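Readers should treat all values here as calculations from the given coordinates under stated rules, not as data from a laboratory. Remember, it's a predicted structure, so these values are computed and weren't measured experimentally. Reconstructed Cβ throughout: ideal geometry from the backbone, glycine too, with neighbour counts over all protein chains shown.
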Amino acid sequence: MLTDDAGKHCDRGAIRAAAIFALGLPLLAGCLNHYLVHPRKPAPQVVTWAADFGHDQIAAHIEGARPPGHGPFPTVLVFPEEDQTALDMRGVIYDLAARGYVAIAADYKRNLKGRYQRNYFSWRTTGDLTFILDVAYQYPEVDRERVGTLGFSEGGVLALLLAAHAEPGRVKAVVSYYPITDFPHWYAGKRYRPDSWVLFQLARWQFRVDADHPKDEELQRMLRLASPLYMADLIKAPVLMIHGKDDTLAPVEESERMAAKLRENGDTVKLLVIPGAGRLFNFHQKKEAAEAWQASVEWLDRYLRGS
């Protein structure tokens, strides 16, 4: 709960991999390929690195890629989908670095009962969310005045929340792929297709596990604080939302409502709905993935590079 303060994979067989959102399962998508429209290796002059950082009860692993030279360069913070890691985002950051960006992918674990582990509610304070900005600022090649966020599914939620909780002006652009933006609304919803219903029930169960089995009132409060929709009036960066039309587990309504809320506040927002695209489409539907990625790059270029 918030306060004011790589590569190709198939079903791993573990129930957590099935239940963490139950949104990324190969049951619906087949095997996911994070290099579908992204390079498997960095361009020859691209500089890469990896590092680990901590903040309070959070441990973060990052994978970085940047162009040659001293910069400073426009920078994109990249967040993976649920149960995936910064390593899985290597193709994305290689792609961005070849286009002239410092790209830093991050994943998180939280210290729970003396052990660092993955948890949907890893971010419990504003500082938990925003410390990745301070990590990025440690690198002299990062242009602090041109930082954007990009994320997929759970990472898309984080990309929006970071823009909301950061100090005004610290995040200059957001690209959010198929996020859940109103968790109480989503959690209370119904699913009628057999495949969606089973995974939806697993996801609801996992939320309660990650929230340490709270009473319903407490769970609802945690879900609300994790929902970008309720933070929309704090987001001032231009936002591109991308959603598959045929996504049945995180319906396109999640992005539609968020985009409408941002527009009410007078913010710059664009919603790109990809026809025929299902869950995690950009990692298994090449044509749709290429269309979405082109839109992502154009958005980042417009607001981080002025082109």
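Look at ILE93, ILE62, ILE274 and count the other Cβ atoms within 10 Å of each Cβ; fewest to most, that gives ILE62, ILE274, ILE93. Out of all DSSP beta bridges in segment 8-305, what portion is antiparallel? Express it as a percent rounded to 5. Of those bridges, close to 45 percent are antiparallel. Note on the chain: helix-only mean residue ellipticity at 222 nm, from DSSP H runs of 4+ residues weighted -39500 (n - 2.57) and normalised by residue number, equals -9500 deg cm²/dmol. Within straight-line reach of LYS172, meaning a Cα separation under 16 Å, sit the following aspartates and glutamates at least 8 residues removed in sequence or on another chain: ASP134, ASP143, GLU145, ASP233, ASP267, GLU298, ASP301.
Between LEU112 and ALA188, 0.36 nm times their residue separation minus their Cα-Cα distance comes to what?
Numbers: separation 76, 0.36 × 76 = 27.36 nm, distance 2.70 nm.
Length gained, LEU112 through ALA188: 24.7 nm.
From least to most packed, judged by other beta carbons within 10 angstrom and beginning with the fewest, HIS61, HIS284 follow the order HIS61, HIS284.
Mean projection of the Cα convex hull over all viewing directions, computed for segment 96-158: 5.3 nm². Computed from backbone phi with θ = phi - 60° and the Karplus coefficients 6.51, -1.76 and 1.60, the 3J(HN,Hα) list for segment 68-83 is x, x, 8, x, x, 10, x, 10, 10, 8, 10, 10, x, 6, 3, 6 Hz; x is used for glycine and proline. Given the choices (1) 5, 25, 33, 26, 10, 1; (2) 6, 30, 39, 22, 3, 0; (3) 6, 29, 36, 21, 7, 1, P(r) over Cα pairs in 10 Å bins from 0, in percent derived from the coordinates of this structure is entry (2). Counting other Cβ atoms within 10 Å as a rough exposure proxy, the listed residues THR48, THR248 run THR48, THR248 from fewest neighbours to most.
Based on the mean of other Cβ atoms within 10 Å per residue, sort peptides 158-168, 106-116 so the most packed one is first. Display every interim value, and only then the final one.
Values: 158-168: 22.3, 106-116: 15.5.
The most tightly packed comes first, giving 158-168, 106-116.
Rounded to the nearest whole Hz, the Karplus-based 3J(HN,Hα) values (6.51 cos²θ - 1.76 cosθ + 1.60, θ = phi - 60°) of segment 114-120 follow the sequence x, 9, 6, 8, 6, 7, 4, with x at glycine and proline.
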